[in-house]
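Bear in mind these aren't lab numbers, they're just calculated from the coordinates by the rules spelled out. Predicted, not measured: the structure shown is a model, and the values here were computed from it. Note that each Cβ is placed from the backbone with ideal geometry, even for glycine, and that neighbours are counted across all protein chains shown.
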Amino acid sequence: MKLNALFVAAALFLALLLVRAAARTARLPDDLTLAACRHGGITEFGDAELTEQGVMAMPGHKTPDAAHLDLKRTEKQRAIGARRRCAFVELEAAVKSRNGAAAAE
């Protein structure tokens with residue numbers, strides 16, 4: 001069991017070194033973290049209009065609440081939501097209008 005914990009610690013340290021090297025190469029801040037990379041990537045899933053299940057599946061989240069912790073809301077996501085809401089309202093109005101016209105006949 002101790003060997004497994006040592007392996008995990010070594011893997012995390014290596015990942016940290018790789019992130020630091022990538023940040024330096026890209027001229028990003030030295031305090032860039034794996035968590036920041038994860039949050040940024042998951043936010044891009046939201047901007048790409050992935051479903052909740054898709055956002056959960058990619059990083060391996062088990063619950064929607066876990067995914068929501070990583071997913072940051074952006075103006076792009078708000079605009080998409082507003083457009084979808086308007087389309088839904090217009091569709092509902094068209095259906096009610098057709099149903100009313102059919103009933104009048």
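Just the residues that are under 20 Å from Lys72 (Cβ atoms) and touching a helix residue (DSSP H, G or I) at 6+ places or on another chain (Cβ under 9 Å), please, taken from the stretch 1-35.
Val19, Leu28, Pro29, Asp31, Leu32, Thr33, Leu34, Ala35
Looking at the stretch 58-77 only, could you name the residues that are part of a helix (DSSP H, G or I) and closer than 25 Å to Leu14 by Cα? So that I can check it myself, show each step before the final result.
To start, the set of residues in the stretch 58-77 that are part of a helix (DSSP H, G or I) comprises 64-70, 75-77.
Matches in the stretch 58-77: Asp70 only.
Which ones in the stretch 1-48 are surrounded by 13 or more Cβ atoms within 10 Å (Cβ to Cβ) and assigned to a loop (DSSP other than H, G, I, E, B)?
Leu28, Leu32, Thr33
Kindly check whether there is at least one residue in the stretch 78-96 that is without any contact (Cβ under 8 Å) to a residue 60 or more places away in the chain and outside any helix (DSSP H, G or I). Steps first, please.
So in the stretch 78-96, the residues without any contact (Cβ under 8 Å) to a residue 60 or more places away in the chain come out as 78-96.
With the extra rule that they be outside any helix (DSSP H, G or I), the set shrinks to none.
Looking through the stretch 78-96, none of the residues is without any contact (Cβ under 8 Å) to a residue 60 or more places away in the chain and outside any helix (DSSP H, G or I).
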